[in-house]
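What follows is one structure encoded as structure tokens, with my remarks underneath.
The values are calculated or read from the model by the stated rules, or taken from the named source; none is laboratory data. All figures in this text were calculated on a predicted structure; none of them were measured in a lab. Ideal geometry is used to build each Cβ from the backbone, glycine not excepted, and the neighbour counts take in all protein chains shown.
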Amino acid sequence: MSNTRPELAAQRRTVSGKAVQRLRREGILPAVVYGHGHPSESIQIDARVFDDLRRHTSRNTLIDLCVEAGRPRPVLVHEVQRDPLTRRTLHVDFFLVTMTEELVVDVPIVLTGESPAVDKHGGTLFHAIDSIKVRALPGDLPTSVSVDVSTLESFDDALHVRDLALPAKVTLVTDPDETIAKVLPPRIVEEEAAPAAEAVPVEAAEGAAAPAAEAPATGGRESAAG
């Protein structure tokens with residue numbers, strides 16, 4: 001067990017199916033843990049404790065999961081199911097890792113700084129991708145990777161995956177030529193002025209009556225006079 005890894009206590013779960021609704025009403029979150037030949041094990045954890053843990057960790061943070069009196073085991077949060085309306089956590093999958101075996105995971109990209117093309121030229125920062133795939137041992141997985149957008153000075157500049165500075169023990173899996181971010185020029189909406197109608201004088205023939213003004217449409221059908 002690492003002294004720097006957060007810990008999470010769990011209990012074995014014996015109920016399943018619709019019966020887990022009762023657990024959720026009691027503030028208990030159903031979950032499973034599996035991986036590396038370990039059979040899928042149904043567990044339950046304190047929902048409030050888990051939500052607090054997630055607020056202070058990232059997707060690649062190793063957690064020491066302790067099921068009842070068992071020894072702590074390193075896990076990653078593999079999947080979190082949430083209610084689409086309330087965003088309440090409904091179920092969690094934990095993946096049991098082996099500290100000597102490399103993993104391929106998604107690492108979020110964090111943009112830092114300010115782009116001169118945005119500040120001075122009114123452009124819009126376009127974030128093409130928000131994560132990259134890397135391979136590393138569980139203990140070397142980065143929680144995020146930062147890139148400075150202050151190098152985007154014009155609309156021709158772009159940041160690519162190859163521009164990221166990764167830790168020495170982390171191997172990039174994503175295509176290095178993939179674009180991370182660039183600045184789009186402002187959209188200019190040109191309103192074309194309608195050409196002014198040329199006044200064409202109507203010359204009535206001598207002695208002829210001037211044409212009558214056109215009556216406004218009323219939307220109804222005119223009836224013939226009886």
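Collect the residues in the stretch 23-42 that are touching a residue at least 40 places away in the same chain (Cβ under 8 Å) and either under 22 Å from residue 100 (Cβ atoms) or assigned to a strand (DSSP E or B) (or both), keeping them in residue-number order.
Residues satisfying the conditions are 29, 30, 31, 32, 33, 34, 35, 36, 38.
One residue is enough: does the stretch 47-57 have a residue meeting the conditions at negative phi, part of a strand (DSSP E or B) and outside the structural domain of residue 162 (by TED's automatic domain parsing)?
No, the stretch 47-57 contains no residue that is at negative phi, part of a strand (DSSP E or B) and outside the structural domain of residue 162 (by TED's automatic domain parsing).
Of all residues in the stretch 8-25, which are out of contact with any Ser or Thr (no Cβ under 9 Å at 6 or more places or on another chain), surrounded by fewer than 18 Cβ atoms within 10 Å (Cβ to Cβ) and either modelled with pLDDT of 95 or more or within 20 Å of residue 66 (Cα to Cα) (or both)?
Within the stretch 8-25, 9, 11, 23 meet the criteria.
What number goes with the only condition from (1) within 25 Å of the chain's Cα centre (by Cα); (2) closer than 30 Å to residue 17 by Cβ; (3) without any contact (Cβ under 8 Å) to a residue 40 or more places away in the chain that residue 112 does not pass?
The failed condition is (2).
Can you tell me which residues in the stretch 1-22 are polar (S, T, N, Q), under 20 Å from residue 74 (Cβ atoms) and not in a strand (DSSP E or B)?
Of everything in the stretch 1-22, those that are polar (S, T, N, Q), under 20 Å from residue 74 (Cβ atoms) and not in a strand (DSSP E or B) turn out to be 2, 3, 4.
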